[in-house]
Each structure stands twice: as structure tokens, then as C-alpha cells.
Amino acid sequence: MPTARPPLLLTPGPLTTSDRTRAAMGRDWGSRDRDFIALSEGVRTRLAQLAGAAATHVTVPVQGSGTFAVEAAVQSLVPPDGKLLVLVNGAYGRRIAAIARRLGRAFAILETGENCAIAADAVARALAADDALTDVALVHCETTTGLLNPLPEIAARVAEAGRRLLVDAMSSFGAVPIDISRTPCTALIASANKALEGVPGLAFVIAETAHLRRCQGNAVSLSLDLHDQWRGFEQNGQWRFTPPVQVVAALSAALDQLDAEGGVAARHARYRHNCDTLINGMEACGFTPYIDRALQAPVIVTFRIPPGGWFDFDQFYAFLGARGIVVYPGKLTAEPSFRIGCIGAIGAAEIRRALDAVGAFVAAHRRQRAS
Ligand SMILES: *Cc1c(COP(=O)(O)O)cnc(C)c1O
């Protein structure tokens with residue numbers, strides 16, 4: 001039985017989507033049909049344009065969640081005799097290192113604290129110190145904390161050092177402007193179900209065509225071979241293996257809505273307002289964000305568990321859940337925390353609805369404890 005009202009997902013993705021995006025999934029598509037080929041082609045072109053990369057890069061979609069595309073990018077774009085420098089300040093950076101280890105690629109890690117941005121100078125020093133390094137992997141918005149790493153500065157230093165840069169922009173693409181024509185990177189990796197406000201099941205790599213052309217035979221997996229996936233599209237516009245047809249249709253509708261909203265700059269402004277509303281409201285309820293406001297991407301905010309022993313996350317989660325609001329547990333290694341997202345087809349009114357529920361929880365539980 002359908003529930004009265006869909007949940008408000010204050011999560012990094014899957015997240016709250018619009019009725020129009022969900023409605024776009026209400027039909028069947030033949031995967032080798034001309035209409036679907038045109039739909040896929042349109043989505044691929046628009047994603048590259050969104051990244052300012054249409055002249056130099058090509059979008060290679062990958063079936064699956066975002067991690068599938070990260071795994072495809074590492075094995076396809078880092079040559080077997082290459083060495084990857086993984087920049088780590090959270091769980092998603094650590095995941096890239098875990099992928100490189102599984103693939104048997106040589107790699108090194110440059111790590112900073114989870115509340116610190118990666119410093120471009122430190123990247124330049126690490127590259128100068130090891131000639132074997134061929135590629136660098138950066139997580140743009142580290143969704144573990146919501147911290148935005150300085151992509152333009154790091155990209156400039158990596159390019160100066162003559163290395164390639166792979167960017168996991170999973171939670172930032174669509175939320176934060178990225179212009180590859182001015183920010184050199186070999187590959188930008190993202191998925192449909194975060195700031196693009198599509199549904200889950202599709203990820204993609206926007207890869208530099210000149211490099212991709214040299215990547216035949218790099219991948220150790222058949223289905224995650226970006227080079228072969230790209231060649232497939234070049235030959236006949238078709239996916240090599242069953243595409244998530246409804247997900248592609250939903251993403252196409254979501255991109256229409258991104259255009260109608262005014263593009264990434266307008267979406268960034270909406271998310272920034274959501275984020276400011278969230279942080280101000282949570283601070284008024286007595287919660288403290290984990291990272292410095294200057295480092296905060298308007299994507300997801302990590303809050304410290306308040307001191308005093310009265311706050312129980314499972315209770316908090318259930319209390320909000322009963323009111324149709326879904327938040328996220330923390331992922332920090334350093335201390336207990338929880339997270340609230342501010343992306344999706346939502347505005348400040350939805351954030352305020354969540355804040356009202358948070359306020360009600362605090363009033364009930366802090367008082368209960370004090371009495
Ligand atoms: C969401 C996310 C991923 C991929 O996660 P999936 O669960 O595989 O979709 C990778 N990196 C970052 C930074 C993310 O936010």
C-alpha cells in the first residue's frame with residue numbers, strides 16, 4: 001500500500017527526486033531502439049557539456065552505483081605499469097585506495113585529517129618526490145564529512161607536474177560548478193542519483209578522449225572496461241550490456257529540470273541556502289558542525305553528537321523517521337557523529353520541516369534528561 005507522503009530523504013543519494021523525474025520512468029524502452037539510442041546520446045552529450053568538457057572529453061556511462069564507475073576508471077585509465085597517488089581525507093578516498101589494492105595497481109596515499117582540506121602544495125611535493133607516480137585521485141566533495149577539497153588548485157599543480165588527475169565528483173557534480181576547460185583533469189566520475197537529482201542505477205566517467213584512446217587492454221574486468229564501453233557507443237550508440245533504461249530516462253528528465261532551474265550555478269545557490277538554513281537551525285538547537293564553515297560543501301553536513309549523554313542517534317533516527325524524515329549516520333573515524341544532507345529536489349521549506357522535528361526531539365529528550 002502506498003504511504004500518504006513519500007519520505008523526505010536528507011541523505012546524499014539516493015535522495016528526494018521530483019515527481020517529474022519519477023514519472024519519466026513510467027514506460028518501457030527497447031535498448032537497441034532508435035529512440036533509446038538518441039536518449040542515451042543526449043544524456044552523454046549534456047553531461048560532458050555540464051562539465052565544460054564537450055570539446056576534449058567524452059561521457060562513458062557505467063551501469064551500477066557510483067563505486068562501479070570509480071572502479072572502472074581506476075582500472076581503465078591508470079595503466080598497469082602506472083602508479084596512483086590517492087589523496088585521502090575520508091572514507092571515499094580510502095575506498096579508492098582499496099580499489100587500487102584489489103586491482104593490483106601500484107599506489108601511494110597522501111592523507112590528511114578528516115576535518116582538513118587536501119593542500120595543493122603537499123600534492124606537488126609528493127609528485128616531485130616520486131617519479132613513478134603517473135596519476136592522482138582526488139575526492140572533490142568528501143561525503144564522509146561534507147568537506148570540499150580545492151579542486152582547481154590541486155588540478156593546476158597536478159597538470160604542472162605532468163600527471164593525470166582522476167576526480168571523484170560523485171556528490172559535487174551538479175552541486176558545485178566544475179569547468180574542465182579551465183580545471184585540467186583526465187577524468188571526472190559521478191552518478192545520476194546525487195546532485196543531478198536522478199535515480200540510482202547509473203554512474204559515468206567524463207574521460208579525456210585522447211587518453212581514453214590509449215587505454216585499450218588496461219582493464220582487468222570485461223564489464224568495467226571504460227575503453228571498450230566507449231568503443232561500443234562509438235560504433236553503434238548502444239550500451240554493450242543491458243542498460244538501466246528507465247534510469248537513463250529519469251536522468252534525461254532531471255537534466256531538463258537542471259537547465260530549467262538555471263544550471264549548476266542556480267542549483268548551487270539553492271543548495272547553499274538549504275545548507276545555511278540547516279546549519280543555522282541546527283546550531284540554534286545546540287548542535288555543532290564537525291568541519292569549518294569555510295570548507296563546507298553545500299551537500300551534506302556532519303554534526304557532532306552533543307555531549308551530556310542524552311542524545312541517542314538510533315532514537316533520533318526513529319523519531320525523525322516517524323515524521324517522514326530520513327537522515328544519515330556518521331562515517332567519521334575520529335568521533336561519533338551524524339549527517340544531514342541538503343541536496344535533492346528540496347528547498348528551505350523542507351529543511352525547516354526537518355528542523356522543526358529536530359527541535360521537537362531536542363525539547364522532549366533534553367527535558368526528559370534534566371527532570
Ligand atoms: C556516493 C559516493 C560514491 C559512490 O557511492 P555508491 O554507493 O557506490 O553510489 C563515491 N564517492 C563519493 C564521494 C560519494 O559521495
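The values are calculated or read from the model by the stated rules, or taken from the named source; none is laboratory data. Just so you know, these numbers come straight off a predicted model, no measurement behind them. A quick note on method: Cβ atoms are made from the backbone with ideal geometry, for glycine too, and the neighbour counts reach across all protein chains shown. Side chains included, ligands, DNA and RNA excluded: accessible areas come from the protein's heavy atoms. Shrake-Rupley method; radii C 1.70, N 1.55, O 1.52, S 1.80 Å.
Listed values, structure above:
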quantity	calculated
Failed criterion for residue 102 (all others in (1) surrounded by fewer than 23 Cβ atoms within 10 Å (Cβ to Cβ); (2) within 21 Å of the chain's Cα centre (by Cα); (3) within 27 Å of residue 219 (Cα to Cα); (4) away from the ligand (no atom under 13 Å from the Cβ) hold)	(2)
Selection status of residue 309, farther than 17 Å from residue 144 by Cα and within 20 Å of the chain's Cα centre (by Cα)	no
Failed criterion for residue 78 (all others in (1) open to solvent by less than 20 Å² (accessible area, probe 1.4 Å); (2) under 28 Å from residue 246 (Cα atoms) hold)	(2)
Hey, residue 64 away from the ligand (no atom under 15 Å from the Cβ) and more than 15 Å from residue 187 (Cβ to Cβ) or not	no
Looking only at segment 137-162, and only at residues there that are touching a helix residue (DSSP H, G or I) at 6+ places or on another chain (Cβ under 6 Å) and away from the ligand (no atom under 16 Å from the Cβ), the one that is least open to solvent (accessible area, probe 1.4 Å)	161
Count of residues meeting criterion [near the ligand (Cβ under 10 Å from one of its atoms) and either within 19 Å of residue 97 (Cβ to Cβ) or basic (Lys, Arg) (or both)] in segment 168-183	4
Odd one out for residue 186, checked against (1) of a type in the set (Val, Ile, Thr); (2) away from the ligand (no atom under 16 Å from the Cβ); (3) surrounded by 21 or more Cβ atoms within 10 Å (Cβ to Cβ); (4) under 19 Å from residue 64 (Cβ atoms)	(4)
Pair list, Cβ < 7 Å and 6+ apart or interchain, from segment 137-159 residues that are within 22 Å of residue 272 (Cβ to Cβ) to residues that are modelled with pLDDT under 95 and open to solvent by less than 10 Å² (accessible area, probe 1.4 Å)	143/12
For residue 262: the one exception among (1) open to solvent by less than 70 Å² (accessible area, probe 1.4 Å); (2) under 26 Å from residue 90 (Cα atoms)	(2)
From the options 342, 275, 285, residue that is out of contact with any strand residue (DSSP E or B) (no Cβ under 6 Å at 6 or more places or on another chain), crowded, with 20+ Cβ neighbours inside 10 Å and over 18 Å from residue 7 (Cα atoms)	275
Single residue of 22, 34, 44 found to be open to solvent by 60 Å² or more (accessible area, probe 1.4 Å), among the charged types (D, E, K, R) and closer than 30 Å to residue 144 by Cβ	22
So residue 54, is it in contact with a Ser or Thr (Cβ under 9 Å, 6 or more places away or on another chain) and within 14 Å of the ligand (Cβ to nearest atom)	no
